[in-house]
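What follows is one structure encoded as structure tokens, with my remarks underneath.
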Amino acid sequence: MRIFLIGILYILLPTLAFSQDLFTVSGTLIDSTSGEPLIAATIFVKEDQSKGAFSDENGVYNISLPPGKYTLIVNYFSYKTDTLSLFVNKDVTLNFKLRPEAQEIEEIVLKGSKPVENVESAELGKMELSAEDASKIPALFGEVDLMKTLQLLPGVQGGGEGNSGIYVRGGGPDQNLILLDNAPVYNTGHLFGFFSVFNNDAISNVTLYKGNMPANFGGRISSVIDFSMKDADLEKLKVDGGIGLISSRLSISAPIIKNKLGIVLSGRRTYIDLLTKPFIDREGIRGVPYYFYDLNGKIIWKPSSKDHVSLSSYYGKDNLQLVFFDGRIKALTYWGNHTATLAWKHIFGEKHIQNLSLVYNKFGFVSEASFDEYNSSLNSTIEDFTFKADYDYLYSARHKIKYGLAYTWHVFTPRKTDANAGVVSFGSGTANTNVLAHDMAFYALDEFSLTEKIKFNVGLRYNFFNQVGAYTLIEPQANGQIDTTTFKSGESVKFFDGWEPRISGRYLINDKSSFKTAFNINNQYVHMVSLTGNSMPFDIWLPSSVLLKPQRGWQYSLGYFRNFKENNYEFSVEGYYKEMKNQLEYRQDYVPVISGEVENDLVVGKGWSYGLEFFAKKKFGNLQGWVGYTLARTFRKFPDINDGKIFPARYDRIHDFNVVAMYDYGKRWTMGATFVFASGQAITLPERRYIITGDVYFQYSDRNSYRMQPYNRLDLSITYKGKETKRFKSSWTLAVYNAYNRKNPYLYFIDAEGNPIDGELTLKAKKLYLFPILPSLTWNFTY
Amino acid sequence: MKKLLNIWPIVVLLFLACEKDIDIKPKEGKNLIVVEGHIETNLPPYVILTRSQTFFSSTDINSINNNFIRGAKVTVSDGSRTITLAELTTDSIPAEIVDTLSSFLGIPLKSANNPDGLSIVVYTTIELFGQEGRTYNLRVETGNELVTASTTIPFANQLDSVWTIPHPETDTLVNLYVRYADPAGQENFIRYFNATNSNVFYPPLYSSVLDDKSFFNVDGKTFDIPLEKGYNRYKDVDFSTYPYFSAKDTITLRWCTIDAAHFRFWSTAEYNRNNGGNPFSSPTTITSNIKGGLGIWGGYGPSYYVVLPKK
């Protein structure tokens, strides 16, 4: 009850704001050709340069001015500057449509990194990329992917091929809040992480916060990766697409009511299964038995100049069918995410922007297997229903306030199994199918300029997580007994709460350089424990509970930011130190089973990481790109693992070096190259062996005390633009992944052959590697 | 089968992958005592002691022979008596006892009946015989090292029935089935072996242990289980038909109850062995019941069944 009262208060607050003698000029800045909002464009007042504003993620800006006559100047890279004179004596809504510069000079801009913003803002560890950035970079099989591009930034690591997890500043893959139009996406990998679920054609841009996220975000301790889907074009029909080596894409954006209502739909599907059907027939399964598809849709509606309504949705699926042992074992597996977001943005009284959203998201994994007359199915899902209310309040030119709340109802089905053998059916051995929880947060933050040189972003977030019944709690005791407690539907099983301060500050040395520092505390109430350490779709998501305490992270960071040559070159160095509590791992002697409570197989420990990230970026001219280098360590300490001794985390990759280059040659040709180098993953190797009843067993070293070979790779691409007409554009891209055919290890294993008694036993260490040199050809078009 | 269900999507990945030899240089590691000890109803205990060797050390017959621990003081206690085991080399034991020992250990030992078998060092006694329901404590001292262990012989569990059904595609092969009635209200663990046309029992290749709750919760239920053929580890195996017996075989099944710690050892050891130590992530540690060493001191409560070939 109390929760609802506080919620109502938040919604009523805007109307209680008291008036001032400043008027607000606000509106939206958009691209006149695409209708896309222009993010972080500047609009300022010629007569008083201290009165300026940046447009936000939706292209919306707000400026407060006393009454008078002003000249507004709107500025954004590669667009023609717009100027307008006006007399301000009341609140005014003014929208601008900026025209891009002449098409011949297609300057590639890393969107969002305004010449001044990286130095000026009070935010640390924040980076932005647009879908266009990703499209210039060579990609595996020609599948352009922003998640892969993010891994080329310092402080962000992927786990290599075959791993869809992202590791930000030494944190685990479940510690990243990955959002698609505000909907959490729990599993972002297709086909074991070779590709992400984000079809680049459907995405506008992504913002990454490396741990120092402002108070309006919460729920994960290492990062927020915020994807925005492309808006529909409200002016004209647009069709984009492409045909690639393993998949094809099509996007259609159309206005339904010009300038008011529009829809955009995108789809992508792989077709190796279809192409190979005539050629492969194994045991009744024709072709390669795997495919995936992604469908994205968004409807934009602008009922008035102060309202913006959007409905966006994503639906994707991976499907895999296998047969073993002459058809005796058949397995059908499918998994995927489903998201839907309904959002309404309303501008209240010129100083307040209200964003209300209803979000639904679900990730599910299903595996059905049959073996002779045994049939079994395994089901693991997580489903969330969320309501969010976010407010932007322009209290004054010096204080930008944000506040809001978010409520989520979680339904977890960590592991539901069914089996039968003929007429006998087996129970799943789990007392509970569903685990239910309330998850709620309130926040407030203020971005204020203390002086000309000092700016702070100070926020506080309060959240609570309450698991409720119906639930049966099973607690094995040390003496072998098992305590069972039953909870009724809605009854509270366990309650956690926490306060999270979020503070960052910027000291401006001059208009080209600044120091920034930040401190964050973050709580996390959902956990993913990966059996293979590779973020597979069958990894289980669990809520915090009686047996699993919430994860908690502290992060301190400090950075120096410097631009050169009229902001054409950006440079930064950031250092961080991070502590993580209540980290989870499987028990050392865990043998995978599919029944019983998952929590009883987990052990708890802590982790910490620290590092230094260097970043340099060139933003103008025919040759553009960036270089990133991270020097970092990350460790874990668990009383029940490795005899309680400290060990490096598996993805403790000391050096991480990335170079990205994009070169425009003339009007028709673009070349791209990326080079990555990362120290090898930490692994555990056998040091000794012993024999029992003729079988050889391994005696292992301390955990993660050895390293795999370093990972390095060069990718190259070249794009040729076909002849352009007014309506139709096309291009061909030839790319080579892993250009010098480096056999990067996926895993190490020991091959044992022969038997010990004959003296013929040979033990050989081997590595498995996934991708040799791989060329690809893609054709893209826009109509 | 249970392991397949859990990791087969990874098997797909492995189909896509290529292999290459690499050079790794593991460090020395800790040289530990390895115990392979057994005690079962109506039979004396047998203990084989070896040491763990550096990973790439040679495996010729001399190094195998030098790897047995000789001169150790080994005692077994049943709570009322403590007996010191005598050290024997198997080629000095009478042939009938060697054959029983062969079958017990699943190793073809050298005897008058089997001149090509192995000669091993074993600690045993004729003064103590295993009894159902009792707990046995083992103590091994050598030099200044000491390892201890404890195991129980649970009460045997009788199977409802044992039979074979023909392979779906060929009638030259049969599959062995048992009907198992799980006692309700307690944890039950089984290890099984079988002998084909002989009395030397071998465990199956991949998974020789079962329990009533890891795979599915079957406490108190009666159901049918297919069992796999057991193999001599020193002979070649035809992997395409490995779980099956020939339709002409006389199959003797040895169905043993074991205690929880004994089950955990084989469960973790077999998982480790079958998956090359779970190379995807951190290897599962083998839960040994030997304090201060490696290996197993295991008690068995056996029951025997014979299935004759159908005419």
Report summary line: Scanning the range A:614-669 for residues that are buried (at least 21 other Cβ atoms within 10 Å of the Cβ), closer than 26 Å to A:K565 by Cβ and among the hydroxyl-bearing types (S, T, Y) gives A:T630
**Report entry** Top-ranked residue in the range A:757-776 [being hydroxyl-bearing (S, T, Y) and surrounded by 14 or more Cβ atoms within 10 Å (Cβ to Cβ); ranked as modelled with the highest pLDDT]
**Finding:** A:S776
Query - the range A:132-155, subset acidic (D, E) and in a helix (DSSP H, G or I), residue surrounded by the most Cβ atoms within 10 Å (Cβ to Cβ) - result: A:D133
Query raised in the report: Given B:S198, B:S240, which one is in a helix (DSSP H, G or I) and surrounded by fewer than 16 Cβ atoms within 10 Å (Cβ to Cβ)?
Result: B:S240
Query raised in the report: Does B:L88 satisfy the condition of being out of contact with any Gly (no Cβ under 6 Å at 6 or more places or on another chain) and surrounded by 22 or more Cβ atoms within 10 Å (Cβ to Cβ)?
Result: no
Requested in this report: Give the residue that is farthest from B:V306 (Cα to Cα), with candidates limited to residues of the range B:154-173 that are buried (at least 16 other Cβ atoms within 10 Å of the Cβ) and within 14 Å of chain A (Cβ to nearest Cβ).
Outcome: B:H167
Report task. Select, from B:K248, B:K235, the only residue that is surrounded by fewer than 17 Cβ atoms within 10 Å (Cβ to Cβ), out of contact with any Cys (no Cβ under 9 Å at 6 or more places or on another chain), of a type in the set (K, R) and more than 9 Å from every other protein chain (Cβ to nearest Cβ). Result -> B:K248
**Report entry** Given (1) surrounded by fewer than 23 Cβ atoms within 10 Å (Cβ to Cβ); (2) away from chain B (no Cβ under 14 Å), index of the condition A:Q481 fails
**Finding:** (2)
Query raised in the report: Scanning for something more than 8 Å from every other protein chain (Cβ to nearest Cβ) and under 31 Å from the mean Cα position of the chain (by Cα), does the range A:747-763 turn up at least one residue?
Result: no
**Report entry** Any hit, the range B:299-311, residues being more than 21 Å from A:Y697 (Cα to Cα) and within 14 Å of chain A (Cβ to nearest Cβ)
**Finding:** yes
Query raised in the report: Can you tell me which residue in the range A:227-243 is modelled with the highest pLDDT, limited to those that are buried (at least 21 other Cβ atoms within 10 Å of the Cβ) and among the small types (G, A, S)?
Result: A:S228
**Report entry** Scan of the range A:449-478 for residues that are among the β-branched types (V, I, T), surrounded by fewer than 17 Cβ atoms within 10 Å (Cβ to Cβ) and closer than 30 Å to B:G185 by Cα, ordered by number
**Finding:** A:T472
**Report entry** the range A:658-717, residues that are part of a loop (DSSP other than H, G, I, E, B), within 14 Å of chain B (Cβ to nearest Cβ) and out of contact with any Pro (no Cβ under 9 Å at 6 or more places or on another chain)
**Finding:** A:D702, A:P710
Query raised in the report: For the range A:78-97, how many residues are buried (at least 16 other Cβ atoms within 10 Å of the Cβ) and more than 23 Å from A:I353 (Cα to Cα)?
Result: 2
Requested in this report: Report whether or not A:G644 is free of Cβ contacts under 8 Å to residues at least 12 places away in the same chain and farther than 23 Å from B:E270 by Cβ.
Outcome: yes
Query raised in the report: Got a number for residues in the range A:372-389 being in contact with a Gly (Cβ under 9 Å, 6 or more places away or on another chain) and touching a residue at least 40 places away in the same chain (Cβ under 8 Å)?
Result: 6
Report summary line: The condition from (1) in contact with a Ser or Thr (Cβ under 7 Å, 6 or more places away or on another chain); (2) among the hydroxyl-bearing types (S, T, Y); (3) more than 21 Å from A:K578 (Cβ to Cβ) that A:T634 misses is numbered (3)
Query raised in the report: What is the residue count in the range B:110-149 for residues that are of a type in the set (S, T, N, Q) and within 15 Å of B:V74 (Cβ to Cβ)?
Result: 5
Report task. State all residues of the range A:320-346 that are surrounded by fewer than 19 Cβ atoms within 10 Å (Cβ to Cβ) and modelled with pLDDT of 90 or more; if no residue qualifies, say none. Result -> A:Y334, A:H338, A:A340, A:L342, A:W344, A:H346
Report task. Select from the range B:253-311 the residues that are within 29 Å of B:T164 (Cα to Cα), at pLDDT 90 or above, of a type in the set (S, T, N, Q) and part of a helix (DSSP H, G or I) and list them in ascending order. Result -> B:S267
**Report entry** Flag for B:V218 being under 27 Å from B:D78 (Cβ atoms), surrounded by 20 or more Cβ atoms within 10 Å (Cβ to Cβ) and either at pLDDT 90 or above or touching a Phe, Trp or Tyr at 6+ places or on another chain (Cβ under 9 Å) (or both)
**Finding:** no
Requested in this report: Specify the residue that is nearest to the chain's Cα centre (by Cα); the eligible residues are those in the range A:347-372 that are at pLDDT 90 or above and within 14 Å of chain B (Cβ to nearest Cβ).
Outcome: A:F365
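Per-residue answers, yes or no, for (1) touching a helix residue (DSSP H, G or I) at 6+ places or on another chain (Cβ under 7 Å); (2) among the basic types (K, R); (3) modelled with pLDDT under 90:
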| residue | (1), (2), (3) |
| --- | --- |
| A:T430 | no, no, yes |
| A:T433 | no, no, yes |
| A:D439 | no, no, no |
| A:K455 | no, yes, no |
| A:Q467 | no, no, no |
| A:I482 | no, no, yes |
| A:E491 | no, no, no |
| A:E500 | no, no, no |
| A:Y507 | no, no, no |
Report task. Could you name every one of the strands (runs of 3 or more DSSP E) located completely within the range B:1-52 that has at least 3 residues being more than 7 Å from chain A (Cβ to nearest Cβ), touching a strand residue (DSSP E or B) at 6+ places or on another chain (Cβ under 6 Å) and at pLDDT 85 or above? Result -> B:33-40, B:46-51
Query raised in the report: Among strands (runs of 3 or more DSSP E) lying entirely in the range B:79-182, which contain 1 or more residues that are within 22 Å of the chain's Cα centre (by Cα) and not β-branched (V, I, T)?
Result: B:86-89, B:121-124, B:135-142, B:145-152, B:173-181
Report summary line: Picking from A:D418, A:D446, A:D392, the residue that is on the phi < 0 side of the Ramachandran plot, surrounded by 20 or more Cβ atoms within 10 Å (Cβ to Cβ) and in contact (Cβ under 8 Å) with a residue 40 or more places away in the chain would be A:D392
Requested in this report: Report yes if A:K606 is within 22 Å of A:A649 (Cα to Cα), over 22 Å from the mean Cα position of the chain (by Cα) and at pLDDT 95 or above, otherwise no.
Outcome: yes
**Report entry** Hits in the range B:281-295 - residues which are β-branched (V, I, T) and within 7 Å of chain A (Cβ to nearest Cβ)
**Finding:** B:T284, B:T285, B:I286, B:T287
Query raised in the report: Checking A:T417 against (1) part of a strand (DSSP E or B); (2) more than 14 Å from every other protein chain (Cβ to nearest Cβ), which single condition isn't satisfied?
Result: (2)
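The values are calculated or read from the model by the stated rules, or taken from the named source; none is laboratory data. Note that the coordinates shown come from a computational prediction; the quantities given were computed from them, not determined experimentally. Reconstructed Cβ throughout: ideal geometry from the backbone, glycine too, with neighbour counts over all protein chains shown.
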